[in-house]
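Quick notes on the structure that follows.
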Amino acid sequence: MTARLTRASAGVRPPAPVRAVHLGLGAFHRAHQAAYTMADPDWGVAAYTFRNTELPRTLTEQDGLFSLQVRDDGDTEAVIVDAISRAHPGCDSEQWLADLASPEVALLTLTITEAGYRVSGDPDGTAIGRVLAGLRGRYRAGGAPIALVPCDNLPGNGGVLREAIRTAAAREDAGFRAWAEDQVSFVDTVVDRITPATTEQDLATAAQLTGFEDRAPVVTEPFSEWLLAGDFPLGRPAWEEAGARFVDDLAAYEQRKLWFLNGAHTLLAYAGLALGCATVDEAVRHPVLARLTALWWDVASRHASLRAQELADYRQRLLLRFSSRGVRHNLLQIASDGSQKIPARILPVLLAERAAQRMPDAPVAALAGWLIHLRENPVTDPCADELVPLARSADAVRAVLSAVDSSLAEDRELVAAVGDHVQRLREATGRIA
Ligand code: CS2
């Protein structure tokens, strides 16, 4: 019989004092920030999720421990991650407020998805609303400074979070708003580690590899990157021990990550689903999709600021990462939240190309695939209620494009090209439009 996973049974140190809080306790946090924080035994994380109450309960039963299965094409190595000192469901709001008010807590990392930074109307009950409540409590409890470290794939994510907090705080008192401007540091980050959702099979593998019954394992790839720019007024874990890099300017790296990795993911997800593929490794082997991906990287390279050689190396490595059979990354998972992802990943390159009067195939294919996805698949997107009917309307291409960027919808040649590409994808699968 496999033993229960606990700190005692695994012979792992006791939980470190909580000095970091995390919001968004999903697989990505555990494969990324938690794994980096493990490099510094003085820092423990209190991790919160406002969605899934099962996971914090399971982690609590496992003393915060879980196994991280690092898989390349052939081998899997399992590491027990011990950085999470406490895990909490959303209903623990008193604990959340107490943690954020504590001067021992120096930083808050966030993985709340791209959609989590949208503030429209009352922020209460949203991730931003929770952060605002936490900051308000901290201000009232003495106002120790704090670093906020967003770890989602948005350009200028520190600035985006700052704006979201500012907007949400519009009705707060002036003293609090001045404190938030002065004492809250917004750190920009580029995060990278491909981490698919955990499957039943991964639980069995965890038991085989570790000898423990682990009900919260995470599967990830060997590659990992974390770039950060910003201040940590009360200090931070020695994340550099695990390979994090602190730089002055993230813009070029952010482009590289968002356009080359995430942009290609989005293209593979939408065009790939339209062509009947299910996972990234399958899609990247499909001749039509392999060609589109290469075209996408060519066109993105024209507008990226890193040196050509660096971009070429990054592409080479991405191909290996995408084609790894160790990490089966579902296209449907990547296809979620297109309305939030496309503007960060695809549109900057497409708009620059259109300004130069060119009509590049790859981003057009991504938009065409998105349209088909909105018509045919289950859609997870904060704007689904608006987008799905538009995608099924008579003037679908123009209507959907106008919902993401009005200038796209006014570009008649683009609207026609996306419409043509919808046909091409249909013909390639032998389906009728
Ligand atoms: C993916 C990302 O789901 C998605 O949209 O593109 O989660 C991607 O796997 C990560 O950014 C990799 O670092």
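Numbers at a glance
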| item | result |
| --- | --- |
| Number of positions in region 157-191 that are surrounded by fewer than 21 Cβ atoms within 10 Å (Cβ to Cβ) and either within 16 Å of the ligand (Cβ to nearest atom) or basic (Lys, Arg) (or both) | 5 |
| Residue match in region 372-385 (condition: within 21 Å of Leu289 (Cβ to Cβ), among the acidic types (Asp, Glu) and assigned to a helix (DSSP H, G or I)) | yes |
| Residues within region 114-147 that are of a type in the set (A, V, I, L, M, F, W, C) and either crowded, with 21+ Cβ neighbours inside 10 Å or not assigned by TED's automatic domain parsing to the domain that holds Ser93 (or both), tallied | 7 |
| Conditions (1) away from the ligand (no atom under 12 Å from the Cβ); (2) touching a Ser or Thr at 6+ places or on another chain (Cβ under 8 Å); (3) touching a residue at least 40 places away in the same chain (Cβ under 8 Å); number of the one not met by Leu292 | (2) |
| Scan of region 205-233 for residues that are small (Gly, Ala, Ser) and surrounded by fewer than 22 Cβ atoms within 10 Å (Cβ to Cβ), ordered by number | Ala207, Gly211, Ser224, Ala229, Gly230 |
| Segments classed as helices (runs of 4 or more DSSP H), wholly inside region 1-77, with at least 2 members that are within 23 Å of the chain's Cα centre (by Cα) and aliphatic (A, V, I, L, M) | 27-31, 33-37, 54-61 |
| Within region 302-325, considering residues that are of a type in the set (Gly, Ala, Ser) and surrounded by 18 or more Cβ atoms within 10 Å (Cβ to Cβ), the one nearest to the ligand (Cβ to nearest atom) | Ser324 |
| Boolean, Ala344 is without any contact (Cβ under 8 Å) to a residue 60 or more places away in the chain and in a helix (DSSP H, G or I) | no |
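The values are calculated or read from the model by the stated rules, or taken from the named source; none is laboratory data. This is a predicted model, so every value here is computed, not measured. Cβ coordinates were reconstructed from backbone atoms using ideal geometry, including for glycine residues, and neighbour counts include every protein chain displayed.
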